[in-house]
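Peer 1: Before I ask anything, here is the structure I am working with.
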Amino acid sequence: MSFDISKMRNIGISAHIDSGKTTLSERILFYCDKIHAIHEVRGKDGVGAVMDNMELERERGITIQSASTQVKWKDCVINVIDTPGHVDFTVEVERSLRVLDGAILVLCSVGGVQSQSITVDRQLKRYHVPRIAFVNKCDRIGANPFKVRMQLREKLNLNAYLVQIPIGLEDKLEGIVDLISMKALYFDGDNGENVRVAEIPAHLATEAKKYREELVEAASMFDDGLMESLLEGSETEEQVIAAIRKGTLAEQFVPVFLGSAYKNKGIQPMIDGVLRYLPDPTEVKNFALDLDKNEEQVELVCNEGKPCVALGFKLEDGQYGQLTYVRIYQGALKKGEELYNTRARKKFKIGRLVRMNSANMEDIGEGVPGDIVALFGVDCASGDTFCGGKLNYAMSSMFVPEPVISLAIDAKDKKSSDQLAKALNRFTKEDPTFQTYVDPESNQTIIKGMGELHLEVYIERMKREYKCEVETGQPQVAYRESITQQANFNYTHKKQTGGSGQYGRVAGFMEPLEGKDYEFVDAIKGASIPNEFIPSCDKGFKQALAKGSLIGFPIVGVKCTINDGQSHPVDSSDIAFQLAAIGAFREAYAKAKPVILEPVMKVSVEGPTEFQGNIFAVINQRRGIISASAEEGSFSRVDAEVPLSEMFGFSTVLRSLTQGKAEFSMEFLKYAKVTNSISEELIAAYQEKRRAEQR
């Protein structure tokens, strides 16, 4: 075989906002000789970080789209994906984790485990991705990597142990002590490129010995050989490394590295840690579903000789056409080869195969098993599986969270209108959490996303990339309607106007349903409604659920049971029973004490303790319920449940109240009943709108 797969790593860099992910990836590229100069994230030097290739990313100093590149370190190849930290771009993290084998969880040595770190950790656990931790920013005032290690255990429930301790902290950070080799490492040269190995400073010898014993003891739980050697006092470096690797791959151990990406300290040993402790593609089990055998689970083999199975996990519409990022799970991808898209049921030929290095690409002839490459000009959707040979497999899809915020959008002129359609078509294809539809009532184009920043970025991209000037309306919250008590229905639909008529009677009851949107129960006895019309009743109820009578939003949490009815030998039909079910639903809905539900968000606010009172006040003003608060040194964190309708403009208010020092993240939690006063306002506004439409 031309390439040794055990010398490949597919890793992602995940973390909370501003923990230094992109700065870290910039240093990895530099030390692996991928780039020849280091640039900073916010692009103060007019260049910006390599992995932030979008102009907007460089201006805002945030990562919006995950970027992929490949580097070589020693004799290994590493595919690196830099993912966004902002919760609004969470799907970028989801789709990257779906195809990665390992991850670097970056934490700030001052902030520690923050709200988004918890979300990222949950995503890593969902996809069973082994990780190493890197405590960054050890040069900052208030840096405490020992505290961060404890937070990893307490907050994330991870079995985390330091494999290094710092030599000095804050502005006195000089280097690190490697607890495995028991040597001090210093990073000399203009950019820390020369790693100098020395003896451990005398004042740190006792501390280093204590932490090494702790580390080796924890690692020995994964290797009986190491445990025996430990009892005899003859353990070797190789044994310790092998035991840590075993625990890390089993997701039961997290080695913690330290350093400062900005000050170029501690990066090279961490890259060594990627090779030592994170899995190669052959050590990860991946499964596909065989569509020809009733979706039977099949394990994929990372072998070049097998038929190809690859997953298109991300789409990008660049200046040269559609680019599809692909992870190869089995077999190899060769230029000119024919593949089969199992969702679209279409065959296509690989015309151009490229390797992405952030925005730059290089043409390649072949992609090996386990590799991440990109295809050009393939018509497909995000999450499609491509198979070679006669295989008809599908990879399980990734988790896509539901969008929670919507905005009415309108083009300013005819030219912009054409461009808007193109932009929306591209963005919805690229990003499953960005959705668009035309509201049948108002005829407005509505865009939906994960948060204000998410939609703001797309509107800005429409202006820049498509020269499309748009006007936006107040975001609309996705309310729901539901019922609070049981109600009976007995409805007859009759229509007799020449020719064949329509007749159907449906009787039964509806009741509130927990945990599900809708359930239909057929309790008919004695065929009072013929079997062929039962699905028509179900269909009618589903149609009625689409729009409630209070404010015109979908109805959820309803169980409809039919237990009686009547049909006519001539006049009964599918449509008659659909209309009868719709009439029955509306009749009972009015009696079932309907209520309006609103989306409630889980909000985490972090900021200096001195502003804690302000944070409490602003959450209370917005009908929020505080669920937890914690103080850690000079920082405090407040967790709350706040209705989404109250969260518009929250970031601006929060910044002004905390001198720009606090930040928040939010994600959808649940639907809950709105207060009576707001319910009355919403109903009045809906009725006024309907009257205006009828005039």
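Peer 1: Among the listed residues Lys183, Lys147, which satisfies the condition of being surrounded by 14 or more Cβ atoms within 10 Å (Cβ to Cβ), touching a strand residue (DSSP E or B) at 6+ places or on another chain (Cβ under 8 Å), modelled with pLDDT of 85 or more and more than 30 Å from Leu97 (Cβ to Cβ)?
Peer 2: Answer to the check: Lys183.
Peer 1: Then there is this: State whether one or more residues within region 528-543 are touching a Gly at 6+ places or on another chain (Cβ under 9 Å), in a strand (DSSP E or B), surrounded by 15 or more Cβ atoms within 10 Å (Cβ to Cβ) and among the β-branched types (Val, Ile, Thr).
Peer 2: No, the conditions are met nowhere in region 528-543.
Peer 1: From Gly504, Gly449, grab the single residue that is at pLDDT below 90, touching a helix residue (DSSP H, G or I) at 6+ places or on another chain (Cβ under 7 Å) and closer than 15 Å to Phe585 by Cβ.
Peer 2: Checking each option against the conditions leaves just Gly504.
Peer 1: Something else about it: Among the residues of region 494-517, which ones are over 12 Å from Ile562 (Cα atoms), in contact with a Lys or Arg (Cβ under 7 Å, 6 or more places away or on another chain) and outside any loop (DSSP other than H, G, I, E, B)?
Peer 2: Passing the criteria: Gln502, Tyr503.
Peer 1: Does Glu641 satisfy the criteria of being surrounded by fewer than 19 Cβ atoms within 10 Å (Cβ to Cβ), touching a residue at least 12 places away in the same chain (Cβ under 8 Å) and in a strand (DSSP E or B)?
Peer 2: yes
Peer 1: Okay, moving on. Pick from region 551-578 the residues that are within 34 Å of the chain's Cα centre (by Cα) and in contact (Cβ under 8 Å) with a residue 60 or more places away in the chain: which of them is nearest to Asn488 (Cα to Cα)?
Peer 2: By that ranking, first place goes to Val558.
Peer 1: Being surrounded by fewer than 18 Cβ atoms within 10 Å (Cβ to Cβ) and of a type outside the set (D, E, K, R) narrows it down to one of Val326, Val256, Val274, Val298, so name that one.
Peer 2: Of Val326, Val256, Val274, Val298, the one residue that is surrounded by fewer than 18 Cβ atoms within 10 Å (Cβ to Cβ) and of a type outside the set (D, E, K, R) is Val298.
Peer 1: Step by step: first the residues of region 596-638, then only those that are free of Cβ contacts under 8 Å to residues at least 60 places away in the same chain and in a loop (DSSP other than H, G, I, E, B), then the one that is nearest to the chain's Cα centre (by Cα). Which residue is that?
Peer 2: Restricting to residues being free of Cβ contacts under 8 Å to residues at least 60 places away in the same chain and in a loop (DSSP other than H, G, I, E, B), the top hit is Gly624.
Peer 1: Kindly indicate the residue of region 147-181 that is basic (Lys, Arg) and touching a residue at least 40 places away in the same chain (Cβ under 8 Å) and also nearest to Ile132 (Cα to Cα) among those meeting that condition.
Peer 2: Taking the candidates together, the pick is Arg149.
Peer 1: Among the residues of region 546-567, are any surrounded by fewer than 20 Cβ atoms within 10 Å (Cβ to Cβ), under 24 Å from Lys670 (Cα atoms) and touching a Ser or Thr at 6+ places or on another chain (Cβ under 6 Å)?
Peer 2: So far as region 546-567 goes, yes, one or more of its residues are surrounded by fewer than 20 Cβ atoms within 10 Å (Cβ to Cβ), under 24 Å from Lys670 (Cα atoms) and touching a Ser or Thr at 6+ places or on another chain (Cβ under 6 Å).
Peer 1: Wholly within region 412-491, which strands (runs of 3 or more DSSP E) include no fewer than the required count, namely at least 3 residues that are more than 30 Å from Asn563 (Cβ to Cβ)? Spell out how you get there, then give the answer.
Peer 2: Details: elements: 435-438, 445-449, 470-472, 480-483.
Qualifying strands (runs of 3 or more DSSP E): 435-438, 445-449, 470-472.
Peer 1: Tell me, yes or no, whether region 266-283 has at least one residue that is assigned to a loop (DSSP other than H, G, I, E, B) and basic (Lys, Arg).
Peer 2: No: zero hits.
Peer 1: Quick one: Asp18 ticks every box in (1) out of contact with any Ser or Thr (no Cβ under 8 Å at 6 or more places or on another chain); (2) of a type outside the set (A, V, I, L, M, F, W, C); (3) modelled with pLDDT of 70 or more except a single one, so which number is it?
Peer 2: So Asp18 meets the others, but not (3).
Peer 1: As an exercise: evaluate Glu667 against (1) of a type outside the set (Lys, Arg); (2) at pLDDT 85 or above; (3) outside any helix (DSSP H, G or I) and give the number of the one condition it does not meet.
Peer 2: Of the numbered conditions (1) of a type outside the set (Lys, Arg); (2) at pLDDT 85 or above; (3) outside any helix (DSSP H, G or I), the odd one out for Glu667 is (2).
Peer 1: Okay, next question. Could you tell me whether any residue of region 233-245 is among the small types (Gly, Ala, Ser), out of contact with any Lys or Arg (no Cβ under 9 Å at 6 or more places or on another chain), modelled with pLDDT under 85 and not assigned by TED's automatic domain parsing to the domain that holds Arg196?
Peer 2: No; the residues of region 233-245 include none that is among the small types (Gly, Ala, Ser), out of contact with any Lys or Arg (no Cβ under 9 Å at 6 or more places or on another chain), modelled with pLDDT under 85 and not assigned by TED's automatic domain parsing to the domain that holds Arg196.
Peer 1: Filter region 301-312 down to the residues that are hydrophobic (A, V, I, L, M, F, W, C) and not in a strand (DSSP E or B), then identify the one that is surrounded by the most Cβ atoms within 10 Å (Cβ to Cβ).
Peer 2: Among them, the one singled out is Cys308.
The values are calculated or read from the model by the stated rules, or taken from the named source; none is laboratory data. Remember, predicted model here, so these are calculated numbers, not experimental data. Because the Cβ atoms are built from the backbone with ideal geometry, glycine has one as well, and the counts that use them run over all protein chains shown.
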